[in-house]
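Here the structure comes first, spelled out in structure tokens, and everything after it is commentary.
Every number here is computed from the coordinates shown, using simple stated rules; none is lab data. Remember, it's a predicted structure, so these values are computed and weren't measured experimentally. With ideal geometry, Cβ positions are generated from the backbone for all residues, glycine too; neighbour counts draw on all protein chains shown.
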Amino acid sequence: SQKIEQNSEALNIQEGKTATLTCNYTNYSPAYLQWYRQDPGRGPVFLLLIRENEKEKRKERLKVTFDTTLKQSLFHITASQPADSATYLCALPPAGGGNKLTFGTGTQLKVEL
Amino acid sequence: DVKVTQSSRYLVKRTGEKVFLECVQDMDHENMFWYRQDPGLGLRLIYFSYDVKMKEKGDIPEGYSVSREKKERFSLILESASTNQTSMYLCASSRQKQTDTQYFGPGTRLTVL
């Protein structure tokens, strides 16, 4: 079955810097990958979806890349702000398609002043 | 905006009680999901429903059942609550389209004493 790995250690960065979070996966080639943000005590909120034929996707200060050779997605937040502090989850569909998603355990980002 | 609501934000129950968690979505989504989220383990799928009265087991269905009598409502039932079911429970919904994102409710933090 597919395995998703996100860095379990929190990432601490200074305000204004670029945060880069990693999502690695094994055992198959997903048709797309999604990124979600989760604040403490709340449900995840969708941020971006990137398909296997897209190298990069941008939305305001967010950028996602998808390297199907490395089996890795990188999630970047440029000009980070304290309000960006949250846990970020990547999610992949099952092998063969379908509506279910498998979520990574998430990486906590802390942006300090 | 899609809205997914859950019946309680916090719930405290005793071992052996029957527990009902309710989820309602207002966007006519075909798919509905129940997850539990525990530290270090991430989001794990309990059950998935793709239509009224239709359900599929997720990764951890043991000790749970579900009911979907109406399209907008998906209930999670703990037949006999146990302390290891203490967790954050999250409901989500999505359209049938394969790449569609999931919209999450605010979560129910259940404590079983």
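The amide H of A:S85, built 1.01 Å from its N in the peptide plane, has A:V111 as neighbours under 5 Å, considering only residues 5 or more places off or on other chains. Across peptide B:55-61, the average count of Cβ atoms from other chains found within 10 Å of a residue's Cβ is 1.
Sorting the segments A:91-102, A:6-17 by their residues' average number of neighbouring beta-carbon atoms within 10 angstrom, most packed first, yields A:91-102, A:6-17. The calculated FRET efficiency for the pair A:E60 and B:K18, based on their C-beta separation and a Förster distance of 45 Å, comes to about 0.45.
In the protein assembly as shown, one over the average inverse separation of all distinct C-alpha pairs is 18.1 Å, which is the Kirkwood hydrodynamic radius. Within the straight-line cut-off of under 21 Å between alpha carbons, the lysines reachable from A:K63 are A:K17, A:K55, A:K71, A:K110, sequence neighbours fewer than 8 places apart in one chain being disregarded. Expressed in units of 2.2 N^0.38 Å, where N is the residue count, the Cα radius of gyration of chain A is 1.02. For segment B:1-68, applying the loop criterion from DSSP together with a ceiling of 14 other beta carbons within 10 Å to the trypsin sites (Lys or Arg not before Pro) yields B:K3, B:R9, B:R14, B:K18, B:K53.
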